[in-house]
Amino acid sequence: MRLTPINIVSACLIAWYFVEDMDDKNPLLSVTALISLLVVLLLVDIFFRIIMKQDKKLWLYEFAFIVLVAILTLIIKIT
């Protein structure tokens, strides 16, 4: 399996969840929410791999997707 930005984000989410879970009694994400988020990220990664055959474009589109989702998440959280 090739390394892509979505794979990196998935690994960071898992690490963040375990670090946060050890510090706090009331975690931000439940285990089911984390698993569902990881499944969605996996499906999006597979979708981008099917559409994009070149690695440079794959990285560019996946990075743009991650930035867009992060911005939308911040906007939703602020309002």
Sole residue being open to solvent by less than 90 Å² (accessible area, probe 1.4 Å) and either modelled with pLDDT of 85 or more or within 11 Å of the chain's Cα centre (by Cα) (or both), chosen from Leu34, Leu29, Leu60, Leu43: Leu34
Enumeration of residues in the range 46-56 that are open to solvent by 50 Å² or more (accessible area, probe 1.4 Å) and modelled with pLDDT of 90 or more: Ile46, Phe47, Ile50, Ile51
Contacts under 9 angstrom Cβ, first residue in the range 33-54 being in contact (Cβ under 8 Å) with a residue 40 or more places away in the chain, partner assigned to a helix (DSSP H, G or I) and of a type in the set (Asp, Glu), 6 or more apart: Asp45/Glu62; Phe48/Glu62
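The values are calculated or read from the model by the stated rules, or taken from the named source; none is laboratory data. Predicted model, so just to flag it, every value in this text is computed and none were measured. Cβ sites come from the backbone with ideal geometry, for glycine too, and all protein chains shown count toward neighbours. The protein model used for the area step is the full one, side chains on, heavy atoms only, and it has no ligands, DNA or RNA in it. Shrake-Rupley method; radii C 1.70, N 1.55, O 1.52, S 1.80 Å.
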